[in-house]
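Values quoted throughout were computed directly from the atomic coordinates according to the rules given, and no laboratory measurement underlies them. Fair warning: this is a prediction, and the values are worked out from it, not measured in the lab. We place every Cβ from the backbone using ideal geometry, glycine too, and count neighbours over all the protein chains shown.
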Amino acid sequence: MSVSTRHIEPVLSLPPGAARWLVFGMGNTGLSCARFLTGQGYAVTIIDTRDVPPMLERVRHELPMAHAYCGPLDENLLTQVDALAVSPGVPLDHPLIETARKRGLPILGDIEIFARTTQTPYVAITGSNGKSTVTTLVAEMLAAAGIAVGAGANLGTPALDLLAGPTPDFFVLELSSFQLELTEHLAARVGCILNITPDHLDRHGTLAAYAEAKARILTHAQCLVLNADDPRTAKLGIADSRVRWFSLRTTGPDYYSILTRDGQRFLVHGEDVRFPSAKLRIKGAHNELNALAALAITDCLGISPAVQTQVLEHFSGLEHRCRLVGEYDGIRWFNDSKGTNVGASAAAIEGLFDGHRGVLIAGGQGKGADFRTLRAAVLGRVHTVVLIGEDAPLLDAALGDLTKVRHASGMQEAVEIARALANPGESVLLSPACASFDMFENYEARGRAFEAAVRGMYLI
């Protein structure tokens with residue numbers, strides 16, 4: 001089976017006359033930009049404000065023809081280039097970018113470069129939480145249908161690196177608000193927003209600005225898939241004929257939703273029963289929503305229900321995303337280290353503690369989030385919160401009147417406290433609602449530390 005590739009927009013060119021590029025940021029995405037632009041024959045200078053950025057040695061090894069500058073930046077660099085490629089981690093109000101904007105230099109992100117370059121159709125998925133799960137589900141459904149697929153961008157392989165190998169039939173892109181900020185020509189076959197909850201307010205300033213960045217994924221999309229239960233997302237699709245809605249609360253002929261029959265829950269489209277919720281290996285109401293979104297997206301692409309069912313039956317979730325580490329002494333331990341914002345952690349708490357209580361391990365760098373928005377999820381579900389990291393005092397202030405709070409110096413101590421306070425039949429959930437960079441290299445390292453502490457405590 002193959003997905004139709006009709007109605008592909010003609011490929012757009014990069015800014016005319018832009019023979020010399022300045023790539024700002026020397027992480028994974030910056031390296032992919034420099035690698036792609038160099039491969040296209042452009043002269044590339046790559047810069048970073050850090051003295052020793054993470055990809056410096058790889059830049060020197062892979063791209064010896066590129067000029068690399070690290071540390072304090074000189075605006076005279078702008079006199080030597082025709083355009084900028086900005087990594088998503090670089091704030092757009094950086095003085096060098098402000099100066100480039102005033103001088104009229106084109107400023108593109110890697111996703112805009114991707115959109116201007118590829119003629120292969122693609123799905124684009126964003127959201128404050130769930131986007132990695134849905135991106136993976138959609139990619140696996142396409143692959144199971146016999147379609148050559150390349151998946152990446154914010155998840156896994158950088159978008160421009162996806163263009164380096166054999167051209168697939170389809171791309172599936174997970175996109176962050178940082179990546180979407182600089183898009184103008186993104187034209188997805190399906191554009192999906194799963195939810196919009198407060199995140200990255202230290203970057204965007206306001207929730208409205210964050211939502212505006214997310215909404216850019218919809219502008220030129222042929223089909224939209226939106227969450228009817230999320231008010232900020234639902235607002236974006238009012239009276240838009242392109243929308244397919246998914247919801248846990250609303251049913252109807254045009255909705256992907258939940259039907260309860262004889263005490264069992266089913267994923268449905270209108271009255272068409274598609275899959276029993278009990279057979280999902282990814283648990284919780286938030287994962288029912290993720291599965292419904294994946295069904296809606298792949299229906300837009302003509303994937304058969306048999307293929308969708310096959311993938312839903314076998315998909316066990318992503319590492320560090322509500323994954324069961326194990327059950328020991330009657331206590332279930334879940335790793336949701338990828339819960340790096342309040343919305344993601346609230347969804348995990350509501351999904352995994354539905355019907356019983358347990359212990360939550362949280363904390364890290366809050367990115368300016370209002371932790372009081374966790375209160376509704378914690379109330380009646382979490383009897384103890386164990387806090388770690390930089391913003392533990394803020395979490396304590398937000399939740400301390402609802403539940404017991406304990407503080408730990410690190411992950412090992414947090415796990416030990418959680419074991420002492422959890423009862424048989426309960427769960428312990430690591431879902432930090434925070435970034436990890438105050439204590440760990442990334443959320444993966446944090447999740448591995450959690451799992452190692454759990455298994456070490458039980459000598460497994």
With the condition kept exactly as written, say whether any residue in the stretch 296-311 is under 30 Å from S409 (Cα atoms) and free of Cβ contacts under 8 Å to residues at least 24 places away in the same chain. no
Sole residue being under 22 Å from the mean Cα position of the chain (by Cα) and surrounded by 24 or more Cβ atoms within 10 Å (Cβ to Cβ), chosen from A369, A414: A369
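Mind checking which residues of the stretch 259-280 are among the aliphatic types (A, V, I, L, M) and farther than 15 Å from L312 by Cα?
The one that is among the aliphatic types (A, V, I, L, M) and farther than 15 Å from L312 by Cα: L259.
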Answer residue from the stretch 133-170, given it is among the polar types (S, T, N, Q) and under 19 Å from the mean Cα position of the chain (by Cα) and is surrounded by the most Cβ atoms within 10 Å (Cβ to Cβ) among those: T135
Here's a check for you: in the stretch 213-248, which residue that is assigned to a loop (DSSP other than H, G, I, E, B) and among the β-branched types (V, I, T) is nearest to P88 (Cα to Cα)? T219
State which residue pairs qualify: first residue hydroxyl-bearing (S, T, Y) and inside the stretch 99-115, second residue part of a helix (DSSP H, G or I) in any location, beta carbons under 7 Å apart, and separation of 6 or more residues or different chains. T99/E75; T99/L78
May I ask you to list the residues in the stretch 14-24 that are touching a helix residue (DSSP H, G or I) at 6+ places or on another chain (Cβ under 8 Å) and either among the aromatic types (F, W, Y) or crowded, with 16+ Cβ neighbours inside 10 Å (or both)? L14, W21, L22, V23, F24
Every residue from the stretch 239-297 that is loosely packed, with under 15 Cβ neighbours inside 10 Å, closer than 22 Å to F334 by Cβ and of a type in the set (A, V, I, L, M): A278
